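Chemist: Let me begin by handing over the structure; questions about it come next.
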Amino acid sequence: MSTTSQTQNLTLVQAVRDGLYTEMSADEDVIVMGEDVGKNGGVFRATEGLWEEFGDDRVIDTPLAESGIVGTAVGMAAYGLKPVPEMQFSGFMYPAFDQIVSHVARLRNRSRGRFTCPMVIRAPYGGGIRAPEHHSESKEAFYAHEAGLKVVIPSTPHDTKGLLISAIRDPDPVIFLEPKLIYRAFRGDVPEAEYTVPIGEAVTRREGSDVSVFTYGAMSRPTMEAAEELAEEGVDCEVIDLRTISPLDRDAIISSFKKTGRAVVVNEAPKTGSIAAEITAIVQEEALLYQEAPVKRVSGFDVPYPLYALEDYYLPNAARIKEGIMETVEF
Amino acid sequence: MSVLERDPGDLVQVLDEDGTVVGDEPDLDDATILDIYRDMVLARHFDQRAVSLQRQGRMGTYPPLSGQEGAQIASAHALDEQDWMFPSYREHGAAVVRGLPLKQTLLYWMGHEEGNAVAEDANIFPVAVPIATQLLHATGAAWGASIKGDTDKAFMCYFGDGATSEGDFHEALNFAGVFDTPNVFFCNNNQWAISVPRERQTASRTLAQKAEAYGFEGVQVDGMDPLAVYAVTRKAIEKAKSEEPPAAGRRPTLIEAVQYRFGAHTTADDPTVYRDDEEVQRWKAKDPIPRLENYCRNHGLLDDESVAAVRSEVETRVADAIDAAESEPRPLPGEMFESVYNELPEHLAAQAAEIESLREIYGDEVFFEH
């Protein structure tokens, strides 16, 4: 990772915008397309000012059609552009799902490398913002299940810019899910210059010896909060922010688990069939003899995401995470 | 008036069912007319052999094209060298015209991934099985060319009548109209989407008229009349590359090529269940091959001897392609893994190693015991 002394203090959504701006300035094949991404600068302002800077041909307001956006991006990518389509909310990605799983993910394999699909599909995802129905889901497992895709979920402004630049430069398609709950929740130092954060590498947010807590996205904050509170109670948590959920950083997961022998996975996705289940399987396969307690999943529930009067019961918070960690530590 | 400016319900025809000229002939040299004839005969013979291979258990499920040679072959011949083609899964004839060896088409339907490995110098997209999804790729590539300032290429996309009911058809044509993309959307309306007739897909009088809703021209052509298909397609390709201002110039076109598939949707269905023989015979009278053959004989381009020579040439080509495809060794399991990503990720390397270690212990034959 390269850094310079010039830094800005940005929110996560500003870091998205900064990452797009940086790569669009460096590579004229990079184009942004989607609903309201042009003059309006995106409904969350993730593309603010890009249309003014790069013009109509590179910051494109499209018709309102998600399959059309992603499907035409497939053709653009095959022709030599590097499209970065925005899905306005991940809950509205499903019209594009056929294009994503049938073509985006498979074009390289199907054509034996003759045609490739270097694109980044960005989408705000996750709950906690008191939004209407279909605006709060956390369905990253759909995409992690599909071979040919990479799935990235940043949790800090610094990682957001570095991972987005890596994703745009990646020769394979990347689903880039942005935790909108923390789009503006805090600021962080972000280098002005270009830099990359590698896809597929987790980061240790807090070193500890008693229990490994694996998390990503917006759940990183309450997980850190829980870890700090538990530290005062004498429980030393190691917190691993996965940052990429496909491919998973298996080495980071296994080595942390071998150190602590206990694991908790925190995510806001429905419990069944989620990334938490995959992490559980990895530690079973690779480190069974180190295991001191069952792996605990602190997650959303297997229900449709509730309307917001109930979402605080649905989303894991520090209290639930602490409870899950203690259950594991005291087993 | 351009042939593209006709009423969408006004079927363009050059040859009648006997091969007599009844419309404006396209500007075609004799050699190209004979190439179209030969490639139609090649496609028909290939198709018959492919169905036979499937019946003998030498090939998997296969979608036949017989009856559709006129539309496929003549439209592909209308393309220029640098143009792109986005097929569905039935365009084996158009693909061979554009440089995809028959061996590869055979390999694909024999279950080899390598069948879709299009050569670097051939701008043919791999087969798209999910209906209508490839229209968006064609629109996007054409749009990409416009963004990059490349104005010398047309982007041809093939699809069937059933595809016009899909959302991706609407989205692809809508984007194409909004962004003035250099596309030719070529609908092979063969009257049947497996067992569902054209009338059950839409209450529109024609499929061609749907272009009107997207703000560009749609034209209906006799898809079993190769000269008419060539004439209409050529005009659409020229329009896609026209240097005139966008409003009248570089714009998409929808072509509805009215035709019939003589056989099944794929070798997995029996068309006698859903359509009657009288209908099939009525359409067989429009067969594009004898039609163009009669035209060529009437114009002194073909005689018994040269027809026999074409026949013999295509039989040899198809036989050689079948030999080559069947001589291809069974692919190695490593091929499943190698093209999924640009670089093999660790977890895929581990899975590839797992199957290799099983092969080392047990050999290959154990995998084929079911």
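What follows is calculated from the coordinates using simple rules that are stated; it is not laboratory data. Quantities reported herein were computed from a predicted structural model and do not represent experimental measurements. Please note: Cβ atoms are built from the backbone with ideal geometry, for glycine as well, and neighbour counts cover all protein chains shown.
Chemist: Can you work out the FRET efficiency for the pair B:Ser357 and B:Val129, with r the C-beta to C-beta distance and R0 = 45 Å, to the nearest 0.05? Intermediate results must be reported in sequence, preceding the final value.
Modeler: On the way: r = 33 Å, r/R0 = 0.73.
Using R0 = 45 Å, I get an efficiency of 0.85.
Chemist: What residues of the stretch B:161-192 lie in the reach of a label at B:Arg275, counting those whose backbone N is under 12 Å from a point 7 Å from the Cα along Cα→Cβ?
Modeler: B:161-162, B:189-192
Chemist: On to the next question. Label A:Leu288 and A:Ala147 with points 7 Å out from Cα along Cα→Cβ: what is the distance between them in nm?
Modeler: Label-label distance for A:Leu288 and A:Ala147, simple model: 2.5 nm.
Chemist: Taking every eigenvalue of the Cα gyration tensor of the stretch A:125-192, multiplying by 5 and rooting it, what semi-axes result, largest first, whole Å?
Modeler: Calculated on Cα positions only, the semi-axes equal 21, 20, 7 Å.
Chemist: Can you tell me the Rg and the Dmax, both Å, for the Cα atoms in the stretch B:119-208?
Modeler: Spelled out, the Cα radius of gyration and Dmax of the stretch B:119-208 are 14.0, 43 Å.
Chemist: Can I ask one more? Among B:Gly144, B:Gly215, B:Gly70, which one shows the highest mean-square fluctuation when chain B is modelled as a Gaussian network with alpha-carbon springs under 10 Å?
Modeler: Among B:Gly144, B:Gly215, B:Gly70, the largest mean-square fluctuation in the Gaussian network model of chain B belongs to B:Gly144.
Chemist: Note down, for the stretch A:186-331, the three equivalent ellipsoid semi-axes (square root of 5 times each alpha carbon gyration tensor eigenvalue), biggest first, whole angstrom. Intermediate results must be reported in sequence, preceding the final value.
Modeler: Numbers: eigenvalues 90, 85, 56 Å².
That gives 21, 21, 17 Å for the three semi-axes.
Chemist: What residues of the stretch B:60-77 lie in the reach of a label at B:Leu301, counting those whose backbone N is under 17 Å from a point 7 Å from the Cα along Cα→Cβ?
Modeler: Residues B:69-77 qualify, since their backbone N sits under 17 Å from the label point.
Chemist: Another question, then. Net charge within 12 Å of A:Asp36 by Cβ-Cβ distance, Lys/Arg positive one each and Asp/Glu negative one each, not counting A:Asp36 itself? Provide the component values of the computation, followed by the final result.
Modeler: Values: positive: A:Lys39, A:Arg45; negative: A:Glu35, A:Glu48, A:Asp61, A:Glu86.
Neighbour charge sum, excluding A:Asp36 itself: -2.
Chemist: Let me ask something else. Between B:Ala119 and B:Glu199, what is the spin-label point distance in nm, taking each point 7 Å from the Cα along the Cα→C-beta axis?
Modeler: Spacing of the two 7 Å Cα→Cβ label points: 4.7 nm.
Chemist: For B:Ile131, A:Ile100, which order do you get if you count the other beta carbons within 10 Å of each Cβ and list the fewest first?
Modeler: On the way: B:Ile131 20, A:Ile100 28.
Placing the least packed residue first, the sequence is B:Ile131, A:Ile100.
Chemist: In addition: Any idea which of B:Leu173, B:Pro197, B:Tyr158 is furthest toward the positive side of the dipole for the stretch B:154-208, if Lys and Arg beta-carbons carry +1 and Asp and Glu beta-carbons -1?
Modeler: Result: B:Pro197.
Chemist: Expressed as a fraction of 2.2 N^0.38 Å, the rule-of-thumb size for a compact globular protein of N residues, what is the C-alpha radius of gyration of the stretch A:8-191? Kindly include the intermediate steps, with their values, before the conclusion.
Modeler: Working: Rg = 15.0 Å, N = 184, 2.2 N^0.38 = 16.0 Å.
Compared with the compact-globule rule of thumb, the stretch A:8-191 sits at 0.94.
Chemist: Quick check: convex hull of the Cα atoms in chain A, volume per residue, rounded to a whole Å³? Intermediate values should be presented prior to the final figure.
Modeler: Numbers: hull volume 42.7 nm³, N = 331.
Hull volume normalised by residue count: 129 Å³.
Chemist: Which residue fluctuates most in the GNM of chain A (Cα springs below 10 Å): A:Ser138, A:Ser102, A:Ser166?
Modeler: Fluctuation is largest for A:Ser102.
Chemist: Stokes-Einstein at 20 °C, 1.002 mPa s, Kirkwood radius from Cα pairs: D for the stretch A:245-324 in µm² s⁻¹? Can you show the working numbers first?
Modeler: On the way: Rh = 13.5 Å.
Taking Rh from Cα pairs, D becomes 159 µm²/s.
Chemist: Which aspartates and glutamates have a Cα lying under 15 Å from the Cα of A:Lys259, excluding residues fewer than 8 positions away in the same chain?
Modeler: A:Glu207, A:Asp210, A:Asp236, A:Glu238, A:Asp251, A:Glu286, A:Glu292
Chemist: Treating only the Cβ of Lys, Arg, Asp and Glu as charged (+1, +1, -1, -1), what charge dipole size does the protein assembly as shown show about its Cα centre? Round to the nearest 20 debye. Display every interim value, and only then the final one.
Modeler: On the way: 64 positive and 117 negative charges, 177 e Å.
The calculation lands at about 860 debye.
Chemist: Below 12 angstrom from the Cβ of B:Pro126, what's the summed charge of the other residues (Lys, Arg +1; Asp, Glu -1)?
Modeler: Values: positive: A:Arg106, A:Arg108, A:Arg110, A:Arg112, A:Arg114; negative: B:Glu91, B:Glu113, B:Glu114.
Once all neighbours under 12 Å are counted, the net charge is +2.
Chemist: Work from the charge dipole of the protein assembly as shown (Cβ charges, +1 for Lys and Arg, -1 for Asp and Glu, about the Cα centre) and give the residue of A:Val16, B:Ser88, A:Gly113 farthest towards its positive end.
Modeler: The Cα lying farthest towards the positive end belongs to A:Val16.
Chemist: Taking the alpha-carbon distance from B:Lys286 and a cut-off under 14 Å, which aspartates and glutamates remain once sequence neighbours fewer than 8 residues away in the same chain are dropped?
Modeler: List returned: B:Asp16, B:Glu17, B:Asp18, B:Glu69, B:Asp222, B:Asp225, B:Glu278.
Chemist: Calculate how large, on average over all directions, the projected area of the Cα convex hull of chain B is; give the answer in nm² to one decimal.
Modeler: Details: hull surface 82.7 nm².
Result: 20.7 nm².
Chemist: Another one. Would you kindly calculate the mean projected area, averaged across all directions, of the convex hull enclosing the Cα atoms of the protein assembly as shown, in square nanometres?
Modeler: Orientation-averaged projected area of the Cα hull: 34.0 nm².
Chemist: How far apart, in nm, are two points set 7 Å out from the Cα along the Cα-to-Cβ line at A:Asp312 and at A:Lys259?
Modeler: 3.5
Chemist: Please sort through the DSSP H helices of chain B and keep those with an alpha-carbon extent of at least 30 Å along the long axis and a Kyte-Doolittle average not below 1.0. If you can, show how the numbers build up before the last one.
Modeler: Working: long enough: B:30-55 (38 Å, -0.23); B:304-327 (34 Å, -0.19).
Going by DSSP H runs, there are no hits.
Chemist: Sum -39500 (n - 2.57) across every DSSP H segment of at least 4 residues in chain B, then divide by the residue count to get the 222 nm mean residue ellipticity, nearest 500.
Modeler: Working: 13 runs with 162 residues, N = 370.
One gets -13500 deg cm²/dmol as the mean residue ellipticity at 222 nm.
Chemist: Additional query: Given 0.36 nm per residue, what is the gain on full extension from B:Glu346 to B:Gln56 after removing their alpha carbon distance, in nm? Walk me through the intermediate numbers first.
Modeler: Working: separation 290, 0.36 × 290 = 104.40 nm, distance 4.12 nm.
Answer, rounded to one decimal: 100.3 nm.
Chemist: Can you find, among A:Ala193, A:Met93, B:Asn342, the residue farthest towards the positive end of the dipole of the protein assembly as shown? Put +1 on the C-beta of Lys and Arg, -1 on that of Asp and Glu.
Modeler: My answer, from the dipole projection, is A:Met93.
Chemist: Here is a follow-up. Go through B:Lys210/B:Lys235; A:Lys150/A:Lys180; B:Lys103/B:Lys153 and tell me which ones have a Cα-Cα distance over 22 Å in this structure.
Modeler: Pairs exceeding the cut-off: B:Lys103/B:Lys153.
Chemist: Please state the charge dipole magnitude for the stretch A:8-191, taken about the Cα centre, from unit charges on C-beta atoms (+1 on K and R, -1 on D and E), reported in debye and rounded to the nearest 20. Before the final figure, lay out the partial values.
Modeler: Details: 19 positive and 25 negative charges, 106 e Å.
Computed charge dipole of the stretch A:8-191: roughly 500 debye.
Chemist: In addition: Using only the Cα atoms of the stretch B:210-321, what semi-axes does the equivalent ellipsoid have when each is the square root of 5 times a gyration tensor eigenvalue? Give whole Å, largest first.
Modeler: Working: eigenvalues 206, 109, 43 Å².
Here the semi-axes work out to 32, 23, 15 Å.
Chemist: Restricting to Cα pairs below 8 Å that are 6+ residues apart, what does the relative contact order work out to for chain B? Please round to a whole percent. Write down the numbers at each step before the final one.
Modeler: Working: 647 pairs, mean separation 86.3, N = 370.
Dividing the mean separation by the residue count of chain B yields 23 percent.
Chemist: If the elastic network links every pair of Cα atoms under 10 Å, which of B:Ala208, B:Ala50, B:Ala308 fluctuates the most in the Gaussian network model of chain B?
Modeler: Among B:Ala208, B:Ala50, B:Ala308, the largest GNM mean-square fluctuation belongs to B:Ala308.
Chemist: Give, rounded to the nearest 20 debye, the magnitude of the charge dipole that chain A has about its Cα centre when Lys and Arg contribute +1 at Cβ and Asp and Glu contribute -1 at Cβ.
Modeler: Working: 32 positive and 51 negative charges, 140 e Å.
About 680 debye.
Chemist: Add -39500 (n - 2.57) for each DSSP H run of 4 or more in chain A, then divide by its residues: what number comes out at 222 nm, to the nearest 500 deg cm²/dmol?
Modeler: On the way: 11 runs with 109 residues, N = 331.
Computed ellipticity for chain A at 222 nm equals -9500 deg cm²/dmol.
Chemist: Cut-off under 17 Å on the C-alpha distance; same-chain residues fewer than 8 positions from B:Lys148 excluded. Which lysines are left, in chain and number order?
Modeler: A:Lys82, B:Lys241
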